[in-house]
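See below for the structure under consideration.
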Amino acid sequence: MTDGTGKRRRPQYSAELRGRAVRMVREALPDHPSRWSAVRSVAEKIGCTAQTLQGWVGKAEQADAQQMAEERARLRALEREVRELRQANEILRKASAYFAAAELDRRSKT
């Protein structure tokens, strides 16, 4: 394939195809002795080079790792918020009991 100037043009693959190919590699891993073997097998099926598919898999793994890191950070923030809210509830519960006891004491003196 050339672009009119004699240079080879690289084929363009849709995001959908790239995502499907990465999923195919992940699903094929148990059936192959290595990741590279799974990549080569899937690359032959979809018609791209193994190096190209290997790059897609690597980028997908980086994106997954980034998403997991963001989710872990969000989980830590939520756990911290839960701890703080539980402490606030405990303080309010004790204050409520204290003021209720003080009110009973005040009423019993009158």
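Some notes on this structure:
- Cβ charges +1 (Lys, Arg) and -1 (Asp, Glu), total dipole of the chain, debye: 160
- Dividing the mean sequence gap of close Cα pairs (under 8 Å, 6+ apart) by how many residues region 1-82 holds gives a relative contact order of 20 percent.
- Qualifying trypsin sites (Lys or Arg not before Pro) in region 7-110, DSSP loop, other Cβ atoms within 10 Å at most 16: Lys7, Arg9
- Site pair Arg10 and Ile91 shows an inter-label distance of 5.7 nm when each label is modelled 7 Å from Cα along Cα→Cβ.
- Between Leu17 and Glu70, the C-beta separation translates, for a Förster distance of 30 Å, into a calculated FRET efficiency of about 0.70.
- Set of lysines near Lys109 by C-alpha distance (under 24 Å), chain-local residues within fewer than 8 positions excluded: Lys94
- Spherically averaged projected area of the chain from its Cα convex hull (nm²): 13.3
- Structure remark: mean-square fluctuation, Gaussian network model of the chain, C-alpha springs under 10 Å; the largest value among Val25, Val82, Val39 belongs to Val82.
- Farthest toward positive dipole pole in the chain [+1 Lys/Arg, -1 Asp/Glu at C-beta], among Val57, Leu104, Ala28: Val57
Bear in mind these aren't lab numbers, they're just calculated from the coordinates by the rules spelled out. This one's a predicted model, so the numbers in the text were calculated from it and none came from an experiment. Glycine also receives a Cβ, built like all others from the backbone with ideal geometry; neighbour counts cover every protein chain displayed.
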